[in-house]
1. Any chance you could count how many residues in region 20-78 are closer than 30 Å to Ala314 by Cβ and not in a loop (DSSP other than H, G, I, E, B)?
2. Quick one: which residue in Glu311, Glu282, Glu267 is among the acidic types (Asp, Glu) and more than 22 Å from Thr75 (Cα to Cα)?
3. Of everything in region 142-177, what is part of a helix (DSSP H, G or I), touching a residue at least 12 places away in the same chain (Cβ under 8 Å) and under 20 Å from the mean Cα position of the chain (by Cα)? Give them in sequence order.
4. Taking only pairs six or more apart or across chains, which ones have beta-carbon atoms under 6 Å, a first residue in region 195-209 that is free of Cβ contacts under 8 Å to residues at least 24 places away in the same chain and buried (at least 24 other Cβ atoms within 10 Å of the Cβ), and a second residue that is among the aliphatic types (A, V, I, L, M) and part of a loop (DSSP other than H, G, I, E, B)?
5. Determine which single condition Asp288 fails, assuming it passes every other condition in (1) within 20 Å of the chain's Cα centre (by Cα); (2) among the acidic types (Asp, Glu); (3) surrounded by fewer than 17 Cβ atoms within 10 Å (Cβ to Cβ).
6. If the requirement is being aliphatic (A, V, I, L, M), in contact with a Phe, Trp or Tyr (Cβ under 8 Å, 6 or more places away or on another chain) and assigned to a helix (DSSP H, G or I), which of these qualifies: Val83, Val113?
Amino acid sequence: MSVIAPGAWASPATYADHPQARAFVDRVSAEHGIESAFLEKLFEQARYQQSIVDAMNRPAERVKEWKDYRKIFLTSKRLRQGVKFWQDHRATLEKAQSEYGVPVEIIVAILGVETYYGRVTGGYRVIDALSTLAFDYPKRSAFFTRELEHFLLLTREQNLDPLTLTGSYAGAMGFGQFMPSSYRSYAVDFTGDGVADIWRDASDAIGSVANYFARHGWQSGGDIVAPAQWQGAVDDLPFNQLAKPDLTLAQLAEAGLHPVAEGFPKERKAIPLRLVGDGGDEFWLGFDNFYVVTRYNHSFRYAMAVVQLSEQLAARVNGIAP
């Protein structure tokens, strides 16, 4: 018998007789009309993964400063591959931009940051990841139990085999790393073949990311960020808050934070941002579209990486940068 986390279902390593799994089978069968025999057979083949629990319990790495975080995502390799992905899927990307109002470069940058444009999507079976976390990770059992339920429903809806689908150790899937609930809410069949396949179909992944942004309030043609100048006391403003912008540029200016460029309406609202760059502190203003990017991943560093990667991709594709 392997030595595993306290409370985990140790032997056998499947979920056939796990009490929480059995209760889950009974409830899901009753509520959603999925045959209990099918679910029982499925959980006979779902396996506990100690490495998933280890990954969830691993102490969080030291939060990198922006100057270090930026170097991970804004690399020449990621840019080259992003340009190629853009060129290979130009028609689909432009269709998504037209239908959802989300710029091509933002869609490409999201896929680049998430999975290297579909190259690195995770090697765990989703059924194993979600079962392990639902039934043997008490700290977040409720969340992952819901995601497991969503996963079973989406595989039925999309006619997919739940035993063959793979993803991250947390159950995130495909080009854009959607959790099952996000898949059911935002994934789209952009090719019209009857299946929203974000694992293998780049077109569906493109449409799904664009739909996600549109549904979260992306403003077509709106600004995302603007560089700013700081002339006040650092403690006077709530920098780097992951909340919808609620301070006007007039209010921010009173506190000492001004956009470098002129012409922004004083009533426009923004999030004050302070990042540690190679040359010291950088100050930025994040507008509503910046907040939308943080809905995809709740990190202002992540959002800035997406924005700057998108800008560099667009510059290369449009011949502005080498």
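Coordinate-derived values only; no laboratory data. All values derive from a computational prediction rather than experimental measurement. Cβ coordinates were reconstructed from backbone atoms using ideal geometry, including for glycine residues, and neighbour counts include every protein chain displayed.
1. If we filter region 20-78 for residues that are closer than 30 Å to Ala314 by Cβ, which is where we start, we get 63-78.
Filter again for not in a loop (DSSP other than H, G, I, E, B), leaving 66-73, 76-78.
Here the count works out to 11.
2. Details: Glu311 fails: more than 22 Å from Thr75 (Cα to Cα); Glu282 fails: more than 22 Å from Thr75 (Cα to Cα).
Result: Glu267 is the single residue among Glu311, Glu282, Glu267 that is among the acidic types (Asp, Glu) and more than 22 Å from Thr75 (Cα to Cα).
3. Answer for region 142-177, where residues must be part of a helix (DSSP H, G or I), touching a residue at least 12 places away in the same chain (Cβ under 8 Å) and under 20 Å from the mean Cα position of the chain (by Cα): Phe144, Thr145, Arg146, Glu147, Leu148, Glu149, His150, Phe151, Leu154.
4. Pairs found: Asp204/Ala196; Asp204/Ile198.
5. (3)
6. Numbers: Val83 fails: in contact with a Phe, Trp or Tyr (Cβ under 8 Å, 6 or more places away or on another chain).
None of the other options fit; the residue is Val113.
Let's see how each residue does on (1) surrounded by 23 or more Cβ atoms within 10 Å (Cβ to Cβ); (2) free of Cβ contacts under 8 Å to residues at least 40 places away in the same chain; (3) under 30 Å from Trp218 (Cβ atoms):
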| residue | (1), (2), (3) |
| --- | --- |
| Val53 | no, no, no |
| Ala109 | yes, no, yes |
| Arg119 | no, yes, yes |
| Ile127 | yes, no, no |
| Ala134 | yes, no, no |
